[in-house]
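The values are calculated or read from the model by the stated rules, or taken from the named source; none is laboratory data. Source: prediction; values computed, not measured. Please note: Cβ atoms are built from the backbone with ideal geometry, for glycine as well, and neighbour counts cover all protein chains shown.
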Amino acid sequence: MILMIGGAYQGKKDLALQMADGREELVFPDVQEYIREKLSEGQSPDKIEETLTAEAFRLPGRILTADEIGNGIVPMEAFDREYRELTGRLLCRLAKEAETVYRVIAGIPIKIKG
């Protein structure tokens with residue numbers, strides 16, 4: 001599994017599709033939005049982690065992309081704080097288990113693991 005992290009609109013999805021030779025089924029874009037959606041639906045953090053990890057390794061060569069959301073001001077709303085914390089923890093776990101991790105800045109991938 002490959003993980004690509006970076007700021008919003010930095011070209012992560014395009015790079016992931018390029019690395020996957022256009023095979024969209026290998027790309028899992030916007031992991032942070034998946035986490036927000038499942039948390040909004042009332043899923044427990046443990047269940048979200050379980051399903052996300054299974055999805056990350058469902059296909060050989062899977063490429064996940066995620067926006068970095070943990071920088072900046074701490075949100076006032078309790079849900080937003082929980083979402084931000086959970087996303088950070090899950091991305092740390094995915095990065096630990098990933099074969100390769102890239103930080104993408106202005107469309108340029110910088111390998112930080114692998």
(request) Could you run through the range 1-39 and say how many residues are buried (at least 19 other Cβ atoms within 10 Å of the Cβ) and in contact with a Pro (Cβ under 6 Å, 6 or more places away or on another chain)? (result) 1
(message) Whether any residue in the range 41-54 is under 15 Å from Met19 (Cβ atoms) and surrounded by 12 or more Cβ atoms within 10 Å (Cβ to Cβ) is what I want to check.
(response) no
(request) Could you please find all residues in the range 73-102 being surrounded by 13 or more Cβ atoms within 10 Å (Cβ to Cβ) and in a loop (DSSP other than H, G, I, E, B)? (result) Pro75, Ala98
(request) Take Gly70 and decide whether it is in contact with a Gly (Cβ under 6 Å, 6 or more places away or on another chain), part of a loop (DSSP other than H, G, I, E, B) and either modelled with pLDDT under 95 or closer than 23 Å to Val104 by Cα (or both). (result) yes
(message) Among (1) assigned to a helix (DSSP H, G or I); (2) at pLDDT 95 or above, there is one condition Glu55 misses while meeting the rest; what is its number?
(response) (2)
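Table: residues versus (1) under 23 Å from Tyr9 (Cα atoms); (2) among the basic types (Lys, Arg); (3) free of Cβ contacts under 8 Å to residues at least 24 places away in the same chain.
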{"residue": "Pro45", "(1), (2), (3)": "no, no, no"}
{"residue": "Glu50", "(1), (2), (3)": "no, no, yes"}
{"residue": "Thr53", "(1), (2), (3)": "no, no, no"}
{"residue": "Phe57", "(1), (2), (3)": "no, no, no"}
{"residue": "Pro60", "(1), (2), (3)": "no, no, yes"}
{"residue": "Glu68", "(1), (2), (3)": "yes, no, no"}
{"residue": "Arg81", "(1), (2), (3)": "yes, yes, yes"}
